[in-house]
Structure formats: structure tokens, C-alpha cells
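The values are calculated or read from the model by the stated rules, or taken from the named source; none is laboratory data. Just so you know, these numbers come straight off a predicted model, no measurement behind them. Glycine also receives a Cβ, built like all others from the backbone with ideal geometry; neighbour counts cover every protein chain displayed.
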Number of protein chains: 2
Amino acid sequence: MPITANNPDRKSWLEISQNSDFPIQNIPFGVFLTKENVVTVGSRIGDFAIDLGALQQLGYFDGIELTDDVFMQDTLNDFISDGKKTWRLVRNRIADIFDAENAKLRDNKSHRDVVIFKMEDVEMQLPVFIGDYTDFYSSREHATNVGKMFRDPANALLPNWLHIPVGYHGRSSTIVPSGIPVHRPMGQTLPNGETQPVFGPSRLVDFELETAFITTDANVMGENIPIEAAEEYIFGMVLLNDWSARDIQKWEYVPLGPFLAKNFASSISPWIVTMDALEPFRCASPKQDDPKPLPYLQQKGDHAFDINLEVAIAPENVEESIVSKSNLKYMYWTMSQQLAHHTINGCRINSGDMMGSGTISGATEDSFGSMLELTWGGQKPITMKDGSERKFINDGDTVIIRGFCQNKDIRIGFGEVSSKLLPPIPTK
Amino acid sequence: MPITANNPDRKSWLEISQNSDFPIQNIPFGVFLTKENVVTVGSRIGDFAIDLGALQQLGYFDGIELTDDVFMQDTLNDFISDGKKTWRLVRNRIADIFDAENAKLRDNKSHRDVVIFKMEDVEMQLPVFIGDYTDFYSSREHATNVGKMFRDPANALLPNWLHIPVGYHGRSSTIVPSGIPVHRPMGQTLPNGETQPVFGPSRLVDFELETAFITTDANVMGENIPIEAAEEYIFGMVLLNDWSARDIQKWEYVPLGPFLAKNFASSISPWIVTMDALEPFRCASPKQDDPKPLPYLQQKGDHAFDINLEVAIAPENVEESIVSKSNLKYMYWTMSQQLAHHTINGCRINSGDMMGSGTISGATEDSFGSMLELTWGGQKPITMKDGSERKFINDGDTVIIRGFCQNKDIRIGFGEVSSKLLPPIPTK
């Protein structure tokens, strides 16, 4: 079935600013709360939020097989369970409804009044109920940088790294959407040169620039998803700030991996941009010749995506500074490799599971995806617009991650994930 | 409010065998499916399953504030959310309903017919929807054994271990109840002495003898649960077999911890035994003097529980062999320390989250909680009843974990978690 929603020549009867992340070719999915306290599944065109529940009730999705209340829910999980064919049909239909040439909704004010909201009048929610959250570690540059700083500069990359899309489980309960502030965590750390740990607020709170993909139900327990089929089970992507407390991490992470250093908060952008919308931005990933991965991880064709990413820090009442510009295409392991690996042991994947890319660092120093790397462990502070310096994130700072794809025809963006770091809540 | 359900002198009008894990003093909670395909929240007395939804509809819980359908659900999460006071009221009431002196249900056949099922006529389900699953690593003996084998025998215990109840995130989607078979996982391993990994079925599938506790909603994000309050938020406990593939684990776990080596399956016993029922078996945990933990982990009084545990292996068509006898009281870190630590950074805890103890090994060789330790990495095989030897678990073997508490008055048990290891499903 063709992805008619991607037609770059299509114009909408809704007014959309020139550089919007959300042209009619995007049509992402999310969940929003209206001023009347109604929660609904929605989409976005320009600066308008579209109530898909209302559209469905008014018959605009007639002819597409959908359960009655699939959009009148507070998560996208059921819709995502309906599978790729349904996602595509619905997205194509939304493009059609808002096509400049289609008068049906355009010329029906009473329908428009219940379907279309200004973005400023809605509050974005977490788009899915995330049952399980996995975070990968798939940037060769990031893994190398961390290895140099924390382990052995001469053997920065661990022996398994080029064979395995290394990943670990994260915490679902503290994933929050853009706009929700995050408290600096308290915890145990081991001061340099000491043998006894101390307790207090983390002094080294960091962001991690990541993207994440959201899955649909994929397999029964015990079965794998072969790599050629993996993309069928990826609904779409969000931006992810995987907040990290480096001092807590350093003390706790051997041998079982990061735990409290990560699970105090992970922030995501609220609109899930579908893989269909990202299709025009497919590109090659880094060569995997030395070594070749095992056959279950080998794939032909282009499976990376050219997504421009940037991170800004805005101190309180100070203009933001861009501290990093990176791109998802730098990642050594692709999303389909990650999903094929994750299920090679029969691990069950559900609708709404989230899988983070791992920190996305490029080869140059201005493309690193964390303060740890950008300031090289605090040795090279970054200067803000007010002259203050940052080695890590200060209380009151807002961290903003943005992402977009651009070709000669269109720009497809993610909007942003923006979250402010607040002081710790005093321990009880 | 007194725990009247714990009265050791109480007799039931239901027939209960002498050594039952489920005397009227236990009253655990679970979810079962009847032959009529009805799913309900239930309890168990002797070999009878009690339909709590039916009891509620018939008015037996009148006077206790409960939402109308709290027991007519396929998980215990909503009931658990109601909090400790409600759990106690309901458990006390169930004890009263089935008290030998109480004629109300006893003498009402039409009520009994819809409330009471034989255990053989119901199918146990997963008792809770587990949003997040955390596994700790709290047995000093286990951590020492693993450190000796995998790292440095002279410094087996890592520097953080005596300061932190070390834990990591597990996978919720593959937690299954007793009786569901588990497939041997496929995966990458690095043969001894080689530098290139190979792909195939794991050759070293192991059990891990654990218990796990189930939480209620405890905090908002950013707030901690102080150690003195932690037990208020623990609903009850189950037995846990944290299946592990040692060869996959060895190759993948540095630096981010176990992933595919663990997330192919975790099996739990289906009845959640409440902390109220376990109250008579509270006991001291190992002294923590050298070093003393940081203040947020210090506690007074007895916070361990004296729970006898055993593991049996039954090869196909062969009588089982008991391979380990251990006890939860050996654990260095208590459940309240684990929960206080888990939330010290503000990590949000929800109703139905599950937290595993980590492998429960005692000091003696016959009390180790995994084949890895029992056979010391395969060097000392265990002989089964048919003369065959086991270094790890074979296809066709059933692994059974049992647990019970016993004092001079009563026995409170968990039943068992029993799961058969099947060959891998061929990869697609």
C-alpha cells in the first residue's frame, strides 16, 4: 500500500509556517488533554492539534477497520497493536482530510470546532503506556569516549561491542513527557581517592542525547523477530533525554549496570513520528566489515535514518546555548539490528515498549551527546550566554533536545523534549 | 488494627491437610481462571481456590470500603493500590468467613457452589500486571561465589557491595507464572580461548533461587520512601526462578549488566503471600557493622524473614532430586533496605512492581542458589535419580522451587514455582 501521506507536493488548508516540524507530510501521533479535561489520541499539523477521537466519531475514518474507541483512550497502545497496515491507512486518511483540495472538514465549522485545537490550548501527555523500556548503547563514538574516560584509553571499546548491540533494561515508571521538570537525584557516591561512600545530591547530573523507537506486539515468548522483519514492528520514534547522574553511576554500575544513576527520570518528546514519515530519510549506516556481525544481525540495504539532532541548555532566565549537534545516522547499530538482537533469545516485545538508541555522539567534539563527553569529564567547561560555565547540568537549567529531517522537498521534525532540572526534594 | 487472620488457633470448616502450605492462617492472593473461562481474583485455603469476586457480590465484604469490581479483574493491581489497611481488613474477613465457627457460608450450598473451587479445577494466572521488575543481588554468599568464579578470587566482593543493595532492572514482559514452560534461549557466546563469538542455543541454562516482593503505589516521582516506612508499601511475596543463561551472560554483561542472559524468562509462584501472614516469621538479618551502611539504609529491629527454600530438579519421567536448601534469612540486605535504596533518588514505585531478592545462597555448599555455584561452574556435577549428571539444566528438566515458614504453631507456605525447560524454538 503506497504511503500517500508522504506526497511532498501536498498542501493543507490549515495554515502551517514555513519551517514547521509538522507539515502535512509528518502526521505524528500523540495523546493530549484539552482545556475541557478530555484526553484523546491526536495528531498534529503545524501548530494545530487534531482530535482523532472526534474525527472517528464524525465518521472521517469510515472504511478503515478500527475498534470503536481506539482513539478515545489515554494511550496509543491499542492503536499501535492494530499494526502497520492500519497505521498507514489512518495516516493516509488524515493527510487526505486536511488536503487543501478536500472541502469536507475544511468547510464544516461545527466539525472543525470539535476536531481542531490550537497547540497552546492542549497539554501533551505520555503518548504510550511503556511496559518495558530498553536502552541500547549503539554509538561507537560514545562507547569509545566513555571507555577512554572510565576504563582503559588503549582499549576503550570492550571486546563484545562490535559484535553485540549492547543494551540493558531501564525503568518505565519514571519516563515523562517534555515539560515535566526533573529533580536532581540524591544518592551514594564515592569521592575521588576515598574508600567510604558519602550521601548527598548528585553533583554530576547529565543529559544523554538519544532517540527511541516504539514497538508493536511482535512475537510470542520464545520466538525471535528476524532482522528482515524487524522494521514491520517499529511504529515510530521520539526524542529521548536519558538523564544520568555520573557520580552515582560510577559507584554503582559494576557489575550489574546503571540503576539509580538513570532511573530517576527519562524525558521524551510527546509526538511519535512514524517510520512511514521518516521513510524519505533512510540512509546507510556505518560499514560493519571488521568484524562482520553474526548472520542474525546482518542486513542489506539502508536501515539508518538521517535525523539531525541538537541539544541546548537554557539557564534560568538566560537565552539557550546550543551545546551539541549530532545525527542519528552516526549510530553503528541500526534499530532493526537492536530489535533482532533483543528478541534472538525469545524475549517478548509488546505494543508500546520503548527502546532507546543510546547516547548519539558523532566523531567531532561538538557532536558529542552528553556533557560527560562534551566537557571531557568536566575538564573543558562550556560557557553559557550569561558567562557562567557548565561542566554538568545546574539546578534551574532547562535541557532541550530537538530533531528534524530535511531534504530538498520537506522537513519532518520531532519538535522537542524540554525539561528543567530542579533541586532535589529533601529526603524523608 | 490487629491481624486477626493470623490467630494460630483458628480452624476452618474447609478440610485442610496437615502439612498444607495454605492453612487458614495464610490467605494469600492470586488470580485464577475457572473451567467456565471466568477470571477472578482469589485466595486459597488448603486445596480450595476461593473466588473473591463472588464473595464480594454476595455481600461477604460488606462494611469494608472496596470499589465494586476490585476482585472481578484479571490482576490484583487495583486491590493492592487500596493499601495495607484494606489488605488487612479483607484478609481478616476471609479468615472469619471460613472460620469453623462461622455458619454463614458454610451452611449455604448455593453460595459455596459459586465461591469455592477445587484447585485442580482452576488455572493460576500471573497475579499482578508487573509494570517494572527490579532484581537485587543481596546475598553476600552468592555475590562472593560469583566474584570468585568470574572475577578475582582474592577480591571476590566488589568495593560497593557492602554499601549498596546492588540491583538492576529486569524485563517485565517475560515474567510467567508457575507451570508455563520456558524455551532454552538462543544467543551469542564466546567460546573459551576464542576471540570471535558464535551463535547457537545457550549451553549453560541455570535457575536462580529467589523470592520477590510486590509493591503498592508508594511515592510521587522525586520523593523517597524512608526505610522506616518501606514495609508499609510491600504487599507480599512470591517465589522467583530468575532463569539465567550463563554463557550469554558472560559475553554480554560488561559494562551494562545482564540483558539477554536473563530476559528470556522469569517464573514466579502464583500466590502472593502477604507480609501480614509472614509477620510471625520475622527474624534478624546478618549484622551490618563492618562497614555500617549509610544512615538512609540503617534500620532497627528485625526485618528479615525466616523462609525455608528448596530447589528440586526433575528430569523428564524421573523422580525429582533436591539440589539445594536455603533460607531467605541469609540475605545481607533486607527488603526494606532494597526499597529504601531503590527510591532514594526519587524513583517512582507503582502498584504491582516486582523486586527480586537476588540469588539466595547460604554459607554451605548445599545451600547455594544456582547450578553455577552448586556445581562450581560445572566442575562438580550433580547426579539425578536416573544416574544422569547435571552441570546446568537440560532440555526436558523441570525446575521446582518451594518455600515455607514453620514455627511450633503453624506452617505458612508459598506452594511452588515449577517450570519445564524446553528446547529452543528454531530461529526464523
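Got a sec? Which of A:Gly200, A:Gly179, A:Gly147, A:Gly222 is under 23 Å from B:His169 (Cβ atoms) and either at pLDDT 95 or above or charged (D, E, K, R) (or both)?
Numbers: A:Gly200 fails: under 23 Å from B:His169 (Cβ atoms); A:Gly179 fails: under 23 Å from B:His169 (Cβ atoms); A:Gly147 fails: either at pLDDT 95 or above or charged (D, E, K, R) (or both).
Answer to the check: A:Gly222.
If you check A:Met237 against the conditions, is it at pLDDT 95 or above, of a type in the set (A, V, I, L, M) and buried (at least 24 other Cβ atoms within 10 Å of the Cβ)?
On the way: at pLDDT 95 or above: yes; of a type in the set (A, V, I, L, M): yes; buried (at least 24 other Cβ atoms within 10 Å of the Cβ): yes.
Yes, satisfied.
Here's a check for you: in segment A:278-317, which residue that is over 20 Å from A:Gln338 (Cβ atoms) and among the aliphatic types (A, V, I, L, M) is surrounded by the most Cβ atoms within 10 Å (Cβ to Cβ)? So that I can check it myself, show each step before the final result.
Of all residues in segment A:278-317, those over 20 Å from A:Gln338 (Cβ atoms) come to A:280, A:290, A:308, A:310-317.
Add one more test, that the residue is among the aliphatic types (A, V, I, L, M), and what stays is A:311-314.
Details: A:Val311: 26, A:Ala312: 17, A:Ile313: 23, A:Ala314: 18.
Per the criteria, the residue is A:Val311.
Return yes when A:Tyr296 is under 30 Å from A:Glu223 (Cα atoms), within 14 Å of chain B (Cβ to nearest Cβ) and of a type in the set (Ser, Thr, Tyr) and no when it is not.
In short, yes.
Given the conditions (1) assigned to a helix (DSSP H, G or I); (2) of a type in the set (Asp, Glu); (3) modelled with pLDDT under 95, report the number of the one that B:Asp113 does not fulfil.
(3)
Would you check if A:Ser81 is farther than 16 Å from A:Ser351 by Cβ and in contact (Cβ under 8 Å) with a residue 12 or more places away in the chain?
Working: farther than 16 Å from A:Ser351 by Cβ: no; in contact (Cβ under 8 Å) with a residue 12 or more places away in the chain: yes.
So A:Ser81 does not fit the description; no.
Being in contact with a strand residue (DSSP E or B) (Cβ under 9 Å, 6 or more places away or on another chain), in a strand (DSSP E or B) and either farther than 27 Å from B:Arg44 by Cα or touching a residue at least 24 places away in the same chain (Cβ under 8 Å) (or both) is true for just one of B:Glu316, B:Glu416. Which residue is that?
After ruling out the rest, the residue left standing is B:Glu416.
Assess whether A:Lys380 counts as being buried (at least 19 other Cβ atoms within 10 Å of the Cβ) and basic (Lys, Arg).
no
Can you go through A:Asp62, A:Asp107, A:Asp74 and tell me which one is of a type in the set (Asp, Glu) and in contact (Cβ under 8 Å) with a residue 12 or more places away in the chain?
A:Asp74
Looking only at residues in segment A:402-428 that are touching a Leu at 6+ places or on another chain (Cβ under 6 Å) and within 16 Å of A:Phe305 (Cβ to Cβ), which one is surrounded by the most Cβ atoms within 10 Å (Cβ to Cβ)?
By that ranking, first place goes to A:Phe414.
Just need a number here: residues in segment A:138-158 that are of a type in the set (Asp, Glu) and under 22 Å from the mean Cα position of the chain (by Cα).
Residues meeting the conditions: 1.
Output the residues belonging to segment A:214-226 that are surrounded by fewer than 24 Cβ atoms within 10 Å (Cβ to Cβ) and of a type outside the set (A, V, I, L, M).
Hits for segment A:214-226 are A:Thr216, A:Asp217, A:Asn219, A:Gly222, A:Glu223, A:Pro226.
Within segment B:66-109, can you find the residues that are in a loop (DSSP other than H, G, I, E, B), buried (at least 17 other Cβ atoms within 10 Å of the Cβ) and among the β-branched types (Val, Ile, Thr)?
Residues satisfying the conditions are B:Val70, B:Thr75.
Looking at segment B:164-203, which of the residues that are touching a helix residue (DSSP H, G or I) at 6+ places or on another chain (Cβ under 8 Å) and surrounded by fewer than 19 Cβ atoms within 10 Å (Cβ to Cβ) is farthest from B:Leu297 (Cα to Cα)?
Going through the qualifying residues, I end up with B:Phe199.
Just to be sure before I move on: is A:Arg106 of a type in the set (Lys, Arg), touching a helix residue (DSSP H, G or I) at 6+ places or on another chain (Cβ under 6 Å) and modelled with pLDDT of 95 or more in the structure I sent?
no
I need the full set of residues from segment B:166-181 which are assigned to a strand (DSSP E or B) and facing chain A (nearest Cβ under 8 Å), in order please.
If the condition is that a residue be assigned to a strand (DSSP E or B) and facing chain A (nearest Cβ under 8 Å), then B:Gly167, B:Tyr168, B:His169, B:Val176 are the ones that fit.
Inspect segment B:356-363 for any residue being within 19 Å of the chain's Cα centre (by Cα), buried (at least 22 other Cβ atoms within 10 Å of the Cβ), among the hydrophobic types (A, V, I, L, M, F, W, C) and not in a loop (DSSP other than H, G, I, E, B) and give the result as yes or no. Spell out the reasoning first.
Restricting attention to segment B:356-363, the residues satisfying the condition of being within 19 Å of the chain's Cα centre (by Cα) are B:356-362.
Narrowing the set further to residues that are buried (at least 22 other Cβ atoms within 10 Å of the Cβ) leaves B:356-361.
Imposing the further condition that a residue be among the hydrophobic types (A, V, I, L, M, F, W, C) reduces the set to B:360.
Next, from what is left, pick out any that are not in a loop (DSSP other than H, G, I, E, B): none.
No; the residues of segment B:356-363 include none that is within 19 Å of the chain's Cα centre (by Cα), buried (at least 22 other Cβ atoms within 10 Å of the Cβ), among the hydrophobic types (A, V, I, L, M, F, W, C) and not in a loop (DSSP other than H, G, I, E, B).
Within segment B:19-39, is there a residue that is in contact with an Asp or Glu (Cβ under 9 Å, 6 or more places away or on another chain), free of Cβ contacts under 8 Å to residues at least 60 places away in the same chain, under 18 Å from B:Asp121 (Cα atoms) and not aliphatic (A, V, I, L, M)?
Looking through segment B:19-39, none of the residues is in contact with an Asp or Glu (Cβ under 9 Å, 6 or more places away or on another chain), free of Cβ contacts under 8 Å to residues at least 60 places away in the same chain, under 18 Å from B:Asp121 (Cα atoms) and not aliphatic (A, V, I, L, M).
If a residue must be touching a residue at least 60 places away in the same chain (Cβ under 8 Å), farther than 15 Å from A:Tyr332 by Cβ and of a type outside the set (Gly, Ala, Ser), how many such residues does segment A:350-364 contain?
Here the count works out to 4.
State yes or no: is B:Asp290 acidic (Asp, Glu), over 29 Å from A:Val176 (Cα atoms) and more than 14 Å from every other protein chain (Cβ to nearest Cβ)?
Answer is no for this residue.
Check off (1) more than 17 Å from B:Glu36 (Cα to Cα); (2) surrounded by fewer than 19 Cβ atoms within 10 Å (Cβ to Cβ) for B:Val128 and give me the number that stays unchecked.
(2)
Select from segment A:3-20 the residues that are of a type in the set (D, E, K, R) and over 16 Å from A:Ile94 (Cβ atoms) and write down the one among them that is surrounded by the fewest Cβ atoms within 10 Å (Cβ to Cβ).
The residue in question is A:Asp9.
Among the residues that make up segment A:350-361, is at least one of them among the polar types (S, T, N, Q) and more than 22 Å from A:Glu228 (Cα to Cα)?
Within segment A:350-361 (the criterion being among the polar types (S, T, N, Q) and more than 22 Å from A:Glu228 (Cα to Cα)), the answer is yes, since at least one residue qualifies.
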